[in-house]
1. Just checking, does the range 139-146 include any residue being at pLDDT 90 or above, open to solvent by less than 20 Å² (accessible area, probe 1.4 Å) and over 23 Å from D46 (Cβ atoms)?
2. Taking the range 35-85, which residues are of a type in the set (D, E, K, R) and either in contact with a strand residue (DSSP E or B) (Cβ under 7 Å, 6 or more places away or on another chain) or more than 22 Å from A230 (Cα to Cα) (or both)?
3. For the condition on the phi < 0 side of the Ramachandran plot, under 18 Å from the mean Cα position of the chain (by Cα) and open to solvent by 10 Å² or more (accessible area, probe 1.4 Å), what is the one hit in R149, R203?
4. Suppose we keep only residues that are modelled with pLDDT under 95 and either in a loop (DSSP other than H, G, I, E, B) or hydroxyl-bearing (S, T, Y) (or both) within the range 55-69. Which one would you say is surrounded by the most Cβ atoms within 10 Å (Cβ to Cβ)?
5. Can you pull out the residues in the range 106-144 that are part of a loop (DSSP other than H, G, I, E, B) and either closer than 21 Å to A50 by Cα or without any contact (Cβ under 8 Å) to a residue 24 or more places away in the chain (or both)?
6. Can you tell me which of G176, G93, G103 is in a helix (DSSP H, G or I), touching a residue at least 60 places away in the same chain (Cβ under 8 Å) and open to solvent by less than 50 Å² (accessible area, probe 1.4 Å)?
7. Given the criteria touching a His at 6+ places or on another chain (Cβ under 6 Å) and either among the basic types (K, R) or more than 19 Å from C116 (Cβ to Cβ) (or both), does E79 qualify?
Amino acid sequence: MISDLSQITVAILAGGLGTRLRTAISDRPKVLAPVKGRPFITYLLDYLYALSVRHVVLLTGYLGEMVKDALGLRWKDMEISYSKEELPLDTGGAIRKALPFLGNSPVLVLNGDSFCPIDIDPFLSMHTKVNSSATILLTYVQDISRYGRVRLHSDGSIVDFLEKSPNPISGWINAGVYFLNKNIINEINPNKKVSLERDVFPRLVGKGLHGYKCPAPFIDIGLPETYHQAEGFIADLKSGEYKYEYFGI
């Protein structure tokens, strides 16, 4: 069982087209959207570095060379590799394409345009303890209308995924952070667009798919209105209940 995060490879999904954010950011990919004078993704990299992660693979696509030019091959002492899709492969397809870059199982997967900073150690411990094939980080929000809702059994296994609701009700949502065993990644069709959220995870219900509940702060910069909240979110991380001084804010 891997317990040291320095042995974990982290894959960050950084290839989205960002069409909904174009009115606010039109000249760069979402992960490079500036927040307090820095590309948004650099806060994720600082967070991972502080957790002792030492290898990150960026799964790029749209304007991928711009991401590589901005970040290079190292962030502090953390190695950065790049897996670039030439045609859009969606989240699952992008991870499958990156398989040659991924190290030990499990792999930690993050969305590059959202941030839910938690202590990863108990998340990893839960994944390995229950022998999960894939584990989704779940966070609690007051309005699930953009995300849909995830329901669990008492043992943490996922029951189902509920569609987005037109009503602003609260619930547990997919926070865009996953532990995936490499056999799950290997089973993804390498020659077509595959979505983790719509294709892979629903097929894993009842087959070792679990959720890990953690009511942590969460932001998704995919819309102009949420992107404009990002500066306050980062500032609150330092000054509020969740203190992450290593962000260098």
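The values are calculated or read from the model by the stated rules, or taken from the named source; none is laboratory data. Because the structure is a prediction, the values reported are computed rather than measured. Cβ: placed from backbone, ideal geometry, glycine included. Neighbour counts: every protein chain shown. To get the accessible areas, we keep the full protein, side chains included, count just its heavy atoms, and leave off ligands, DNA and RNA. Shrake-Rupley method; radii C 1.70, N 1.55, O 1.52, S 1.80 Å.
1. No; the residues of the range 139-146 include none that is at pLDDT 90 or above, open to solvent by less than 20 Å² (accessible area, probe 1.4 Å) and over 23 Å from D46 (Cβ atoms).
2. Just the residues of the range 35-85 that are of a type in the set (D, E, K, R), to begin with: 36, 38, 46, 54, 65, 68-69, 74, 76-77, 79, 84-85.
Result: R54, E65, K68, D69, R74, K76, D77, E79, K84, E85.
3. Testing whether each residue is on the phi < 0 side of the Ramachandran plot, under 18 Å from the mean Cα position of the chain (by Cα) and open to solvent by 10 Å² or more (accessible area, probe 1.4 Å) leaves just R149.
4. G61
5. Here is the first cut: in the range 106-144, the ones part of a loop (DSSP other than H, G, I, E, B) are 106, 112-113, 116-119, 130-133, 142-144.
Those that are part of a loop (DSSP other than H, G, I, E, B) and either closer than 21 Å to A50 by Cα or without any contact (Cβ under 8 Å) to a residue 24 or more places away in the chain (or both): P106, G112, D113, C116, P117, I118, D119.
6. On the way: G176 fails: in a helix (DSSP H, G or I); G103 fails: in a helix (DSSP H, G or I).
Answer to the check: G93.
7. Details: touching a His at 6+ places or on another chain (Cβ under 6 Å): yes; either among the basic types (K, R) or more than 19 Å from C116 (Cβ to Cβ) (or both): yes.
Answer is yes for this residue.
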